1. Bin width 5 Å, alpha-carbon pairs only: give the P(r) of the chain as whole percents, running from 0 to the bin holding the largest distance.
2. If you average the sequence gap of Cα pairs under 8 Å that are 6 or more apart and divide by the length of segment 53-124, what percent do you get for the contact order?
3. Any lysines with Cα under 20 Å of the K87 Cα? List them, leaving off those in the same chain fewer than 8 positions away.
4. Could you tally the net charge around Q1, taking each other residue with its Cβ under 11 Å from the Cβ of Q1, Lys/Arg +1 and Asp/Glu -1?
5. So if we plug the beta-carbon distance of E110 and E89 into 1/(1 + (r/R0)^6) with R0 = 25 Å, what FRET efficiency do we get, rounded to 0.05?
6. Just want to confirm a number: the relative contact order over the chain, from Cα pairs under 8 angstrom separated by 6+ residues, in percent.
7. Over all directions, how big on average is the projection of the convex hull of the alpha-carbon atoms in segment 44-110, in square nanometres?
8. Just tell me which aspartates and glutamates come within less than 15 Å, Cα to Cα, of K76; anything on the same chain fewer than 8 places away is out.
Amino acid sequence: QVQLVESGGGLVQAGDSLRLSCVASGRTSSLYAMGWFRQAPGKEREFVAAISRGGGTTDYAESVKGRFTISRDSAKNMVFLQMNSLKPEDTAVYYCAADRSSYFGRDSDEYDYWGRGTQVTVSS
């Protein structure tokens, strides 16, 4: 089993930055891609960003491209999401996800492990 714990959320103003962190524990050697998803009130969970096992390939939702950066430190079993130029529409609970197969992509159903989420609130 793998456990994921997110941190770094908070209340910020539009234009500010936040850095989310996710640490994995347990059978982390089995992990492949990792990703960030978010869910705003009344909306479905949506893809934000993903990073391959080696960190060489990344993917971003169009809504965050150019503002958010995903990275990982495999030695520490951590993945990060640097969020710049935050907008009120970025307000959501952000979830870290990990995959144990060779999948790399945007489909949340393909990810095997999930954290409990961290709240990000951006005021205008």
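1. Percent of pairs per bin, in order: 2, 12, 24, 27, 19, 10, 5, 1, 0.
2. Details: 79 pairs, mean separation 19.9, N = 72.
About 28 percent, as a whole number.
3. Straight-line reach from K87, under 20 Å: K43, K65.
4. On the way: positive: R27, R100; negative: D112.
Counting the neighbours of Q1, the net charge comes to +1.
5. On the way: r = 25 Å, r/R0 = 1.02.
The formula returns an efficiency of 0.45 here.
6. Numbers: 309 pairs, mean separation 44.7, N = 124.
Taking the mean separation of contacting Cα pairs over the length of the chain, I get 36 percent.
7. On the way: hull surface 19.6 nm².
Computing the convex hull of the Cα atoms and averaging its projections yields 4.9 nm².
8. The qualifying aspartates and glutamates are E6.
Read the figures in this text as sums done on the coordinates, not as results from a lab. Since this is a predicted model, take the numbers as computed values, not measurements. With ideal geometry, Cβ positions are generated from the backbone for all residues, glycine too; neighbour counts draw on all protein chains shown.
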